[in-house]
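Working notes for the structure below.
Any read-out appearing in this document is the output of simple, stated calculations on the displayed coordinates, not a laboratory observation. Quick caveat: nothing in here was measured; it's all calculated off a predicted structure. A quick note on method: Cβ atoms are made from the backbone with ideal geometry, for glycine too, and the neighbour counts reach across all protein chains shown.
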Amino acid sequence: MTVIALRFPFVGTPEQVRQHAGHVDHQQIREGWSYLDLRDAVGVVYAGLSAPVAGAHVVGVSAPDTYRPEPSEDLLAEHAPGVPLRRRVPQRGALIDTSRARERLGFVSRYSVADEGADHPAAPPGGRPVLVEERR
């Protein structure tokens, strides 16, 4: 039996993500200001259903950045000073480890709220999920 448990952050359209970013509460802090564009959420579900994997996998998914304008390390220092930083986080980089989505499902998110819903610069054109093999 194969089980893929996708761990979703806040999911919405670009407009819903921007509205969600307009206030700060404890839930957002706990989730690391992460989000996933609705189109990417559909893509990762598709990738999970079609991935050639066996066994049980817990997979974190997120956009490549946070929805807050502040640098991610500054947000952590202000709102979660006791949380150790395991790696450097560039600018508004996501705080969610998405390596399993990339390695096991071949999925990389395409959309960023910073791009106002445009394709992520590293993604090829088209409306389907970006699979790692296609980027090589």
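Only counting other Cβ atoms within 10 Å, I'd like 57, 26 sorted with the fewest neighbours first.
By the 10 Å Cβ count, ascending: 26, 57.
Would you mind ranking 98, 2 by Cβ crowding within 10 Å, fewest neighbours first?
2, 98
Cβ under 14 Å from residue 3's Cβ, residue 3 left aside: what net charge do those residues give with Lys, Arg +1 and Asp, Glu -1?
+3
Sorting 105, 95, 85, 38 on the 10 Å Cβ count, fewest up front, what's the list?
Least crowded to most crowded, the residues run 85, 38, 95, 105.
Any idea how far apart residue 1 and residue 56 come out in nm if each label point goes 7 Å out from Cα toward Cβ?
0.9 nm
Report the gain in length on full extension from residue 86 to residue 24: 0.36 nm times residue separation, minus Cα-Cα distance, nm rounded to one decimal.
Here the segment from residue 86 to residue 24 would lengthen by 19.9 nm.
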